[in-house]
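The structure appears below as structure tokens.
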Ligand code: GLV
Ligand code: MN
Ligand code: MN
Ligand code: MN
């Protein structure tokens with residue numbers, strides 16, 4: 001319409017807020033939970049539809065689309081010197097159960113809008129620009145976080161582990177991937193690995209998922225480092241039995257072992273003495289799950305993080321010791337204690353931080369430096385490329401809940417910083 005048209009001519013860095021908001025809303029409809037909640041699980045029907053939606057948008061933005069064997073999606077705008085390492089940006093669109101519509105999505109749809117903006121501006125990239133949609137940043141289905149980026153960064157361990165990885169319905173990773181149209185070359189997914197140096201730079205735009213920017217009224221954060229996450233899967237087994245007939249001294253209750261371990265996690269986290277140490281028991285499943293049956297099996301999943309890797313590892317080791325002690329004390333079997341991942345933190349690249357700071361200044365946007373306490377695909381992209389992240393404010397810091405919200409003006413600020421930074425890096 002005329003307003004946006006004239007704005008377009010006078011403001012080179014014009015964000016099409018209306019389209020971007022519409023796309024965010026449309027994408028949120030691909031969900032297994034009723035709106036405003038979003039549930040979008042890897043390789044589900046809704047994930048497949050959402051992927052199609054993203055690929056269509058990529059083509060509309062004039063990008064050539066490529067997908068790898070696990071469904072990482074790449075949209076490429078060829079630069080005038082295509083043999084040079086490209087500049088990439090992106091995030092994820094999978095959503096944990098009953099979460100919101102901004103986590104990850106802002107970094108994918110926002111990246112496409114940044115590309116559109118650069119095209120409207122008449123920009124000609126020298127280094128190619130790429131938008132990446134990563135497969136399964138969230139660990140929902142297979143318990144593995146950042147599955148796509150972890151593989152891109154060359155994790156042989158993960159490529160091997162996936163051969164024996166199943167979801168809670170006992171569907172194998174590869175059957176699920178085939179259902180979504182991927183993994184067509186069998187179980188060899190080494191084709192997903194990228195060489196170090198494949199990219200000149202990788203950037204990710206994301207909501208803060210914390211309250212600081214909103215509280216301080218600062219529109220942009222430049223991430224300096226990403227905290228170190230670890231996750232564990234634990235299983236206890238006992239004899240089970242009738243809830244009335246088996247007397248208390250005769251029991252070995254796998255459910256109580258899980259409950260005791262959950263409290264031990266909290267205790268060990270607090271023992272670190274630092275507010276930066278956090279631990280969560282987000283899953284406890286009891287088998288057979290009947291009110292009048294003593295749990296014969298329990299499954300516990302634990303998430304522990306810190307900005308200090310050594311301190312985080314101390315917590316992981318204490319949790320392992322507690323699991324063994326609890327099993328002995330309660331006469332249950334600790335049938336599994338699996339540290340699914342125990343990742344080191346990642347540092348942002350100084351020259352990318354500088355480029356983002358310059359872009360913010362040029363756009364008259366105040367910014368601050370910040371550590372990311374959530375993990376992101378950038379944690380793994382940092383292993384093969386210089387990395388940087390941009391955070392924008394979100395309402396009360398809410399995330400992983402349907403109340404998650406980011407105002408379109410705040411998103412637009414992030415998109416502008418992203419676009420300007422991409423353009424500078426592309427020409428360097
Ligand atoms: C990713 O969603 C995380 O848990 O940080
Ligand atoms: Mn998330
Ligand atoms: Mn995210
Ligand atoms: Mn995340």
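FYI, it's all coordinate maths here, none of it is from the lab. Note that the coordinates shown come from a computational prediction; the quantities given were computed from them, not determined experimentally. Here Cβ is always computed from backbone atoms with ideal geometry, including for glycine, and neighbour counts include all displayed protein chains.
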If you take the beta carbon distance between residue 178 and residue 157 as r and set R0 to 22 Å, what does 1/(1 + (r/R0)^6) give as a FRET efficiency, to the nearest 0.05?
0.50
Given 0.36 nm per residue, what is the gain on full extension from residue 347 to residue 119 after removing their alpha carbon distance, in nm?
79.0 nm
Which whole-number percent is the relative contact order of region 228-342 (Cα, under 8 Å, 6+ apart)?
45
Each label sits 7 Å from Cα toward the beta-carbon; between residue 309 and residue 224 the label points are separated, in nm, by 1.9
For the chain the mean separation of alpha carbon contacts under 8 Å (6+ apart) over residue count, i.e. relative contact order in percent, is 23
Expected output is a single nm value to one decimal: the length gained when fully extending between residue 215 and residue 171, i.e. 0.36 nm times separation in residues minus the C-alpha distance. What is it?
11.4 nm
For region 76-121, what is the relative contact order in percent, using Cα pairs closer than 8 Å and at least 6 residues apart in sequence?
31
Full extension from residue 427 to residue 65: what is 0.36 nm times the residue separation minus their Cα-Cα distance, to one decimal in nm?
128.1 nm
Using alpha carbon centers only, region 134-168 is separated from region 290-346 by a whole-angstrom value of 20
Cβ neighbours within 10 Å, averaged per peptide: list 209-217, 319-327 in order, most packed at the top.
319-327, 209-217
